[in-house]
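As C-alpha cells, the structure follows; a few thoughts come after it.
What follows is calculated from the coordinates using simple rules that are stated; it is not laboratory data. Given the structure is predicted, the values throughout are model-derived calculations rather than measurements. Virtual Cβ from ideal backbone geometry, glycine too; neighbours counted across all protein chains shown.
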Amino acid sequence: MTHNHTELFFLLKQVDLQLTQLFDDKLNISLTRYEIMRLLDHKKAVTQTYLQRKLMINQAAITRHVKVLEEKDLLTRMRNPDNNREVLVTVTPEGQALLSQCELSKATMMQQLFDNYTGEDIDFVIDFLTTLKRSSRQMLDQEEE
C-alpha cells in the first residue's frame, strides 16, 4: 500500500466521522436513527432484520436504536400477525413530522456543504465511492466464505 492509499483510507474515515457529527449537530438526530426513520417512511412496516441488512449494522445496534426511537414516540414495534417471531417497525405521525423537519435542515446543510463543487465533481466522487464500496463488499464476502 502506498502512502497515498493510506492517506486516502484515513481521510475517508475522518470525513465519515465529521459528516456524522455534523449531521447530528445540525439535525439533532443521529445519522443512523435518521436512516432508520427514512427507511420506515418509504415502507409501511419492516422487520428489524430488514433494517439491519439495509444499514449494515448488527442486530443489537438496531434494537438499541429502535428502542430509543420508540421511547421518543417516533416509531412503534409490534409482532407480525403473520409470523409471531418477527417484530415489525413502523413510523408514527410524530416520526413523520420529525422527518419533514429534518428534510428542510438537511437540504440547507447539503447546500452549504456541497455548494463549492460542480456536478462533475460530485459525479466523480459518487462513482469512486460506489466502486470502493463494491470492492470492499466483495472482500468482506470472500472472508465470509
For this session: Using Cα positions and a limit of under 27 Å, work out the lysines in reach of residue 43, with same-chain residues fewer than 8 apart set aside.
Result: 26, 54, 67, 72, 106, 133
For this session: Name the long-range amide H neighbours of residue 75: under 5 Å, sequence gap of 5 or more, or other chain; modelled H, no Pro or chain starts.
Result: 70, 92
For this session: Would you mind computing, in nm to one decimal, how far apart the modelled labels at residue 114 and residue 17 are, each placed 7 Å from Cα along Cα→Cβ?
Result: 2.5
Exercise. What chymotrypsin sites (Phe, Trp or Tyr not before Pro) does segment 59-140 have in DSSP loop regions with at most 15 other beta carbons within 10 Å?
Worked result: 117
Exercise. What Kirkwood hydrodynamic radius, in Å, does segment 67-132 give when the mean of 1/r is taken over all pairs of distinct Cα atoms and then inverted?
Worked result: 15.2
Seminar exercise, completed: Between (i) 33, 15, 11; (ii) 31, 22, 13; (iii) 28, 20, 13, the structure-derived semi-axes √(5λ) of the Cα gyration tensor in Å is (ii)
For this session: Order by neighbour count: 109, 78, fewest other Cβ atoms within 10 Å first, most last.
Result: 78, 109
